[in-house]
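Participant: Just dropping this structure here.
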Amino acid sequence: MSKHHTPPSGLSVWLGLKDNVFTQQKTVRFGDASAVNSGRFYSILTVVVLLAAWGIASALGMLESFYWPSVDATITRMSKLLSAGFRNVAFWDHIGISVFRVLAGVLLGALVGIPLGLAMGLSSVARGLFDPIVEFMRPIPPLALIPLIILWFGIDETAKIFLLFLASLFIMTIAARSGVNSVKITKVHAAYSLGASRTQILFHVILPNALPEIFTGLRTAMGVCWGTVVAAELVAADKGVGSMIMIAKNFLQTDTVVIGIFVIGLIGYTIELGMRYLERWLIPWQGKG
């Protein structure tokens, strides 16, 4: 008698407790990234354990509010922030302005950096002109530029967005140039043999094959800019998550500081998840040769 294997349930596959049908057919697992499942069950378990430990420590009075707030104090402070805001600014406005600054900086950096990187990957002249500038500026932390940018633009929105533009510009440039270098020359030769023009090769061969590298750079730039905007708001801002954390620190409101940290982490994680789904949607051919 032949054995009939019951297919795994959708929930067990989603949680990463079981492999899907496609992965089960693989003969080689180790070293194949596509054979690694989501592991969501362990992610959820980690979060539950950490929250439970926080709750138990709060209930037993093991936490000193000066160093880390209890769960009750954090929930109470969160309800006040949602209802009354922070320093006459709505809580969601603090979050919204930080997210806007990041998206504006990354978008401007991508609009300039992607064409620049493509040019550097395709033209010796462009590489010679811009490579020294890009390689010189790339290792410099964006926060080191804050004093100069404040001198140039003051402390208004232009200064913050320009700082984030610089933070993402060189990341996107390097990513686009690496994407061009990763294109297989056999695909270019095949396109030429079929009579394709340079424009057709750029838009139908080089750009689609460079998109995975460009999207990796976009995800990296988003993460770097999110960390940069919070740090920039710690220095010079009256609105934003970073500003909220700094002001709360000055008044020893540890619960507000912790809430700001949680918000930063949650938004950063949400942005990363969104970028992953967007990457799968826009680049369905990634990893398929």
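The values are calculated or read from the model by the stated rules, or taken from the named source; none is laboratory data. Everything quoted here is computed from the prediction, not taken from an experiment. We place every Cβ from the backbone using ideal geometry, glycine too, and count neighbours over all the protein chains shown. Heavy atoms of the whole protein, side chains included, go into the accessibility calculation; ligands, DNA and RNA do not. Shrake-Rupley method; radii C 1.70, N 1.55, O 1.52, S 1.80 Å.
Participant: Filter the helices (runs of 4 or more DSSP H) completely within segment 1-100 down to those with at least 2 residues that are modelled with pLDDT under 85 and either within 20 Å of residue 242 (Cα to Cα) or touching a helix residue (DSSP H, G or I) at 6+ places or on another chain (Cβ under 6 Å) (or both).
Facilitator: It comes to 40-59.
Participant: With open to solvent by 40 Å² or more (accessible area, probe 1.4 Å) and closer than 21 Å to residue 230 by Cβ as the only criterion, which of 129, 148, 111 stands out?
Facilitator: None of the others qualify; the one that does is 148.
Participant: For residues in segment 151-202 being among the charged types (D, E, K, R) and surrounded by 20 or more Cβ atoms within 10 Å (Cβ to Cβ), which is nearest to the chain's Cα centre (by Cα)?
Facilitator: 160
Participant: Tell me, yes or no, whether segment 87-100 has at least one residue that is surrounded by fewer than 18 Cβ atoms within 10 Å (Cβ to Cβ) and polar (S, T, N, Q).
Facilitator: Scanning segment 87-100 turns up at least one residue that is surrounded by fewer than 18 Cβ atoms within 10 Å (Cβ to Cβ) and polar (S, T, N, Q).
Rundown of residues vs (1) polar (S, T, N, Q); (2) at pLDDT 90 or above; (3) surrounded by fewer than 24 Cβ atoms within 10 Å (Cβ to Cβ); (4) more than 30 Å from residue 190 (Cα to Cα), yes/no style:
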| position | (1), (2), (3), (4) |
| --- | --- |
| 204 | no, no, yes, no |
| 229 | no, no, no, yes |
| 232 | no, no, no, yes |
| 238 | no, no, yes, yes |
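Participant: Now for a different question. Looking at the structure I just gave you, is residue 144 among the small types (Gly, Ala, Ser) and modelled with pLDDT of 90 or more?
Facilitator: no
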